[in-house]
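Presented below is the structure to which this report refers.
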Amino acid sequence: MNDIEKESDPPELAYSSESLSVAAREDGVSAAYEAKSRLINEHLQNEIGFGRYQLQLFILTGLGWAADNIWLQGVAIILPQVQSELHPVRVEFTTLSLYVGLILGASTWGILADLIGRRLSFNITLFIAGVFGVAAGGANNFTTLASLVACIGFGVGGNLPVDGAIFLEFIPKSHQWLLTLLSAWWALGQLFASLIAWPLIGNFSCTSANDCPKSSNMGWRYTFYVLGGVTLIMWILRYVVFDLQESPKYLIGRGQDEKAIKVLQHIARVNGRTITLTAESLRKASGTQDTASTPLTTRQLIQQSFSSVSLSHVKPLFSTRRLAINTTITIALWGLIGLAYPLFNGFITLYLTTQVPSDSSISTTYRNYSIISIMGVPGSIIACLVVDWSRKNRSAFAMGGRKVTMAVSTALTGVFLFLFTTSKTNAAVLGFSCASGLTQNAMYGVLYAYTPEVFPAPHRGTGDALCSAFNRITGILAPVIKIVTTTAAGTAANGSANGPIFVSASLFLVAAILMLFLPIETAGKAAL
């Protein structure tokens with residue numbers, strides 16, 4: 001072990017051949033893959049470093065995360081205007097349609113990332129979302145709008161599970177804290193959507209549902225045109241401008257060591273560095289002497305991948321008792337938060353107009369929404385600082401590192417939402433909304449970092465897909481719960497609007513308690 005490695009790695013991360021085998025069994029991966037992954041991590045840290053390639057990837061994966069929240073919030077933003085113009089039976093069905101698409105997208109693109117590689121999912125998701133986003137702006141009836149929104153969800157739903165895995169697999173351990181900072185892009189996505197909607201919907205919307213033709217209610221359509229166009233620009237930057245390489249950890253998991261070395265050499269060149277790692281070194285470290293395999297055609301690769309789809313990437317996530325408990329709790333957390341978050345944020349513009357009805361003008365509503373969005377950005381930055389601190393300070397391990405940070409921010413979110421229901425003035429509504437927005441983004445920032453870190457790379461896409469899909473599956477219940485609670489009380493325009501918020505706050509508190517029982521802490525450890 002060289003001096004550089006001694007300085008960058010805590011003592012507990014030094015592995016003997018015996019402990020390496022044990023660690024591999026505990027993490028649900030083979031000892032051969034473990035050895036190769038450790039060797040790649042060492043050269044990423046000591047030779048390639050964090051440079052131009054990783055910086056570009058940080059921006060482009062960040063845009064993908066921003067797009068996810070742009071469309072989550074974009075749909076929430078337009079609900080009052082869609083209700084006034086198209087007169088659906090329940091406008092919440094728009095959100096329901098979005099989550100149907102998100103479920104399919106998260107499952108499809110995340111699992112495909114493990115089957116045929118990260119590049120396809122990375123390159124196509126934003127294109128689908130952008131095209132259908134622009135098309136949704138031209139919808140002339142509610143059925144068409146809901147169908148197109150579902151297609152948006154199918155495209156954008158793959159960004160969180162795929163982009164986080166891609167970024168994590170290209171960065172050295174010393175910079176894994178940047179995965180938490182990616183959540184700032186998610187917060188910026190909400191801010192961008194709100195700043196676009198404020199002038200457009202504020203100035204181009206009808207004021208009465210009794211007289212609201214399309215010609216006087218173009219604001220929400222203009223918003224979708226802009227959001228769709230910006231998403232397509234993001235796709236151009238990712239697909240045309242940036243040359244994404246396949247993940248080297250995915251390649252070694254498929255036995256393609258030579259291709260993995262070529263990828264690492266390319267990244268080193270972009271960063272102005274050189275790398276001494278060879279395919280022979282990988283095989284020697286893993287105790288295998290495999291020779292280079294014959295390259296497969298794209299068709300053969302797809303056929304080979306889907307012939308073994310079954311549960312080959314799911315079972316390893318539950319291969320040991322410790323890993324099974326951690327995977328189960330992690331998926332459950334994503335499910336709880338997946339329901340709690342949209343119960344409030346998915347209908348936030350409706351809540352802002354009904355909580356204090358005396359001042360519910362369109363301009364005031366979207367101004368307040370923009371302020372709430374601004375407060376989400378420092379939440380992500382706070383989470384990033386805490387995660388980086390836990391990486392550098394050994395005392396953070398005893399305090400719980402990622403787990404305690406997640407639990408505290410999640411519990412505070414639940415508390416602030418309970419307080420929101422007691423609001424009687426616009427100042428109180430805005431204040432508690434801003435506070436919950438800050439803590440929610442801090443919570444998501446750490447959760448986004450923890451989830452891909454805890455899954456080994458050969459099965460990371462599938463693990464992230466399961467979490468993201470379960471998050472969307474429970475999220476689809478949010479509009480159903482809101483419809484049931486408001487219908488039972490007779491109208492959504494009275495105090496009964498607090499029913500879904502009570503449920504949301506309670507779920508956040510339950511999730512906070514559950515986080516403390518996670519058996520695996522990832523702070524200060526290099527991802528496999």
- Message: In whole percent, and with a 1.4 Å probe on the protein chains, what portion of the accessible area of the range 176-265 is carbon and sulfur?
- Response: 64
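Strictly over 26 Å apart at the Cα level, which of LYS173/LYS262; LYS36/LYS403; LYS403/LYS424 would you flag in this model?
Long pairs (Cα-Cα over 26 Å): LYS36/LYS403; LYS403/LYS424.
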- In Å and whole numbers, how far do the C-alpha atoms of the range 432-471 stretch along each principal axis, longest first? 41, 18, 8
- Determine the gain in length on full extension of the stretch ASN210-ILE236; use 0.36 nm per residue of separation and subtract their C-alpha separation, reporting nm with one decimal. 5.2 nm
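Could you provide, to the nearest whole Å², the per residue accessible area of the range 136-185 with probe 1.4 Å?
Numbers: 1000 Å² over 50 residues.
Here the residues of the range 136-185 average 20 Å² of exposed surface.
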- Length-normalised contact order for the range 88-160 - Cα pairs under 8 Å, 6+ apart - percent: 52
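Once the Cβ-Cβ distance between SER147 and ASN123 is put in as r, and R0 is 30 Å, what FRET efficiency do you end up with, to the nearest 0.05?
Numbers: r = 24 Å, r/R0 = 0.81.
So the FRET efficiency works out to roughly 0.75.
Sort 415-423, 402-410 by packing, meaning the average of other beta carbons within 10 Å per residue, with the highest value first. Kindly include the intermediate steps, with their values, before the conclusion.
Working: 415-423: 18.6, 402-410: 24.1.
So the peptides 415-423, 402-410, ranked by packing, come out 402-410, 415-423.
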- Query: According to a simple spin-label model (label point 7 Å from Cα along Cα-to-Cβ), what is the distance in nm between ASN426 and ILE371?
  - Reply: 0.8
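Using only the C-alpha atoms of the range 67-186, find the volume of their convex hull and express it per residue in Å³.
Details: hull volume 10.8 nm³, N = 120.
Expressed per residue, the convex hull around the Cα atoms of the range 67-186 is 90 Å³.
The values are calculated or read from the model by the stated rules, or taken from the named source; none is laboratory data. This one's a predicted model, so the numbers in the text were calculated from it and none came from an experiment. Methodologically, a virtual Cβ is constructed for each residue, glycine included, from the backbone with ideal geometry; neighbour enumeration extends over all protein chains shown. Surface areas here come from the heavy atoms of the whole protein model, side chains and all, with no ligands, DNA or RNA. Shrake-Rupley method; radii C 1.70, N 1.55, O 1.52, S 1.80 Å.
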